[in-house]
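One structure is given below, encoded as structure tokens.
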Amino acid sequence: MELFANELKNKRYHENFTCALTWCFQPETTLHKRNFQMSNDDLKRLSTSRQTWRSALKVGDQVDVKVSGDDKDKATGWAQGHVTRVEDELLSVVFPELPTDFDRDIAVWSTDVAQFETHTKEDYEWRRANLAQPGVTDYLADIHDHFRWEEGTLFNVSEDRSSGRPVVYANCGFRVYRTYGKKIRQDERGTFDGW
């Protein structure tokens, strides 16, 4: 863009130069896709006509935000958050069901921000229906180990308030209690496949 501005100031531009520069920034070009690394779906989602809700965001609104469970972005997912501050093009988002480490500032126009319950509705409904009950034990579940999803057992659910807000934790094991499988072992609960 700086090159274009300099050429305009020095009056050394022509129609071909202008067309070539414009072409570089068109979303359909390979150059644009590679430099900005956005998928076609992300580009479509960001079309202005469907994103007017972003400019109307205010304190107290709820949004879905993509979060990472580790520093290498191997375990990512979507979480429900509350907007606590809007300043220029920046949102401050708090996640009431996650530790305070997840709270963050994020650009209003980021592809990591979506309308409330766009990505989280089914997951949160399932959690509230199945994990909110006291005494949940030995629940068969799919568990993510930072690389892939595995069958496992949710042993129990507990609440921790050490982060300043109540956070629900699930004690899980990458084991399914059954008598067949690749890694058959035993513990005080019985025979299981897994570790």
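Read-outs throughout are calculated quantities, based only on the coordinates presented, and are distinct from any laboratory measurement. Bear in mind the structure is a predicted one, so any value in this text is a computation, not a measurement. Please note: Cβ atoms are built from the backbone with ideal geometry, for glycine as well, and neighbour counts cover all protein chains shown.
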Net +/- balance of residues flanking TYR124 in space, Cβ distance below 14 Å, scoring K and R +1, D and E -1: -3
Ranking of THR84, THR52, THR100 by count of other Cβ atoms within 10 Å, fewest first: THR52, THR100, THR84
Computed over the range 131-194: relative contact order in percent, which uses C-alpha pairs under 8 Å that are six or more apart: 23
Value of D in µm² per second that Stokes-Einstein yields for the range 56-115, Kirkwood Rh from Cα pairs, at 37 °C (0.692 mPa s): 283
Extended-chain gain in nm, criterion 0.36 nm per residue less alpha-carbon gap, VAL176 and TRP195: 5.9 nm
For GLU117, residues with placed amide H under 5 Å, excluding near neighbours: ASP64
In order through the range 106-123: 3J(HN,Hα) via Karplus (6.51 cos²θ - 1.76 cosθ + 1.60), integer Hz, x for Gly, Pro: 8, 5, 4, 8, 5, 6, 8, 10, 9, 4, 3, 6, 5, 10, 10, 4, 4, 4
Nonlocal amide H pairs with CYS172, under 5 Å, H built at 1.01 Å: PHE155
